[in-house]
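Here the structure comes first, spelled out in structure tokens, and everything after it is commentary.
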Amino acid sequence: MSNENRWLLPEGIDELLPERAGRLEALRRRLLDHCETWGYRYVVPPLVEFTDSLLIGVGADLDLVTCKFSDRMSGRMLGVRADITPQVARMDAHSLGEDGVTRLCYVGSTLQSVPQAVVGGRAPIQLGAELFGSASTDADSEIVTLLLSTLERAQVQSPLTLDIGHIGIYDALFSDLALEADIEQQIFDALQRKSAPDIERLAAQLAPEVATKLTQLASLHGSAEIIETARSLFSDNPIVLAALDDLDTVVARVRQVCPAVSIYVDLTELRGFRYHTGLVFAVYVEGRGSSVAKGGRYDNIGAVFGRDRPATGFAIDLKALVDAIAPPSLERSPIVAPRSEDPALLAKITALREAGRIVMVDLESNTQLIGVESLVNQAGEWVVVAANEVSE
């Protein structure tokens with residue numbers, strides 16, 4: 001690489017400069033504190049794990065986006081996490097092993113071999129909350145309303161849309177048809193991408209009853225009234241009807257608690273990793289093409305670690321979210337102090353910093369810092385004055 005290109009970063013990898021990094025860190029603290037008020041305890045999963053632990057039971061799609069390398073100490077394969085949710089499920093099942101309901105929250109960097117959104121990078125910073133030990137719709141409702149209240153706490157200014165569905169409906173319609181694996185994958189991909197030409201092409205290749213199910217399911221997205229339409233179309237399938245009841249219950253709860261949020265019911269909502277087993281959802285901010293958060297129920301992951309626990313949760317892309325909120329007003333303007341060994345000045349600087357103020361020592365004489373306050377010695381006492389009040 002030439003000297004001119006040494007500053008280049010890999011495609012999809014970015015860096016956060018002071019202003020954006022400061023906003024993201026303040027947001028991180030605020031949102032974690034909010035999750036704590038709901039009873040979610042903070043955990044810190046490792047950045048890397050052995051792949052036979054990191055990727056077991058989560059499906060091939062997560063395996064494909066995980067960056068892997070050989071561990072020189074053990075000779076085993078390591079993976080850099082592309083998604084933190086499976087790690088927290090391992091911690092619940094193996095490291096904690098608690099009975100009853102367990103609530104955990106986390107934040108950390110992830111790395112993906114390819115980006116998972118059209119607009120987005122390969123290194124999202126993921127903040128999330130996971131609830132283990134309850135299979136009830138109350139747990140699903142709690143996770144969804146916690147997510148929406150967390151975004152409210154983030155002070156997102158644009159209207160929010162909750163895109164919600166239930167992957168169990170797709171599974172109930174297609175998992176027992178003994179379709180060839182390649183055909184089943186094509187059906188899933190076509191529905192996931194909402195590709196009308198591919199759905200039409202596949203329907204022409206399928207048996208009439210299967211083709212009918214495919215075209216019916218592909219049309220079921222829109223307002224909450226879609227739930228009733230689905231009930232009439234699949235009235236002979238009790239698994240589908242039970243999933244629709246769960247979906248209806250959570251939608252009603254969201255309408256009650258978060259009336260300002262728009263709700264888009266999508267029974268082909270299959271985005272995300274394939275470990276989800278039930279209710280799935282994503283949240284969109286007006287003006288952005290990709291979601292800022294997504295989540296859902298995943299009841300099977302803990303089984304590979306010896307504890308088959310029901311689970312549901314969400315993850316927020318903090319980088320996407322910080323770009324969707326208004327920059328905060330400058331609440332803590334920096335104070336410039338002169339370089340001096342005066343004990344009274346040093347004591348004043350310490351007191352200001354302990355009070356939460358930003359104090360920068362002017363290491364170079366006559367440095368001109370615009371738009372800040374200054375520490376000035378007036379009649380033997382160090383006081384903070386506005387920049388325009390400092391005498392020349």
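Computed from the Cβ-Cβ distance with R0 of 22 Å, the FRET efficiency linking Thr161 to Ala196 stands at 0.50. By the rule of a second cysteine Cβ within less than 4.7 angstrom, the chain holds isolated cysteines at Cys67, Cys258.
In this simple spin-label model, placing a label point 7 Å from the Cα along the Cα-to-Cβ direction at both Ala344 and Asp63 gives a separation of 7.2 nm. The Cβ shell under 14 Å around Ser223 holds other residues with a net charge of -4, Lys and Arg each +1, Asp and Glu each -1.
At full extension, Ala204 and Ala26 could sit 58.8 nm farther apart than now, given 0.36 nm per residue minus the alpha carbon distance.
Packing order of peptides 61-70, 349-358, 167-176, highest average first: 167-176, 61-70, 349-358 (average count of other Cβ atoms within 10 Å over each peptide's residues). Here the dipole of the chain is about 500 debye; that uses its Cα centre as origin and unit charges on the Cβ of Lys and Arg (positive) and Asp and Glu (negative). Applying 0.36 nm per residue to the separation of Val372 and Glu225 and subtracting their alpha-carbon distance, the gain on full extension is 47.3 nm. For segment 1-60, trypsin sites (Lys or Arg not before Pro) are listed when DSSP marks them as loop and at most 15 other Cβ atoms sit within 10 Å of their Cβ; the list is Arg6. The amide H of His166, built 1.01 Å from its N in the peptide plane, has Glu269, Val280 as neighbours under 5 Å, considering only residues 5 or more places off or on other chains.
Among the listed values (i) 95, 51, 34; (ii) 91, 54, 48; (iii) 101, 51, 34, the one matching Cα extents along the principal axes in Å as calculated from this structure is (ii). Extension gain, Glu15-Leu96: 0.36 nm per intervening residue step, less the Cα-Cα distance, totals 25.7 nm. Would you mind getting me the FRET efficiency between Met73 and Ala379? Use the beta-carbon distance for r and R0 = 41 Å, nearest 0.05. After rounding to 0.05, the efficiency reads 0.05. Label separation (Ile358 vs Arg153): 2.4 nm, computed from points 7 Å beyond Cα along the C-beta direction.
Read-outs: derived from the displayed coordinates by stated rules, not from any lab. Here the structure is a predicted model, which means the values were calculated and not measured. Note: ideal-geometry Cβ built from the backbone for every residue, glycine included; neighbour counts use all protein chains shown.
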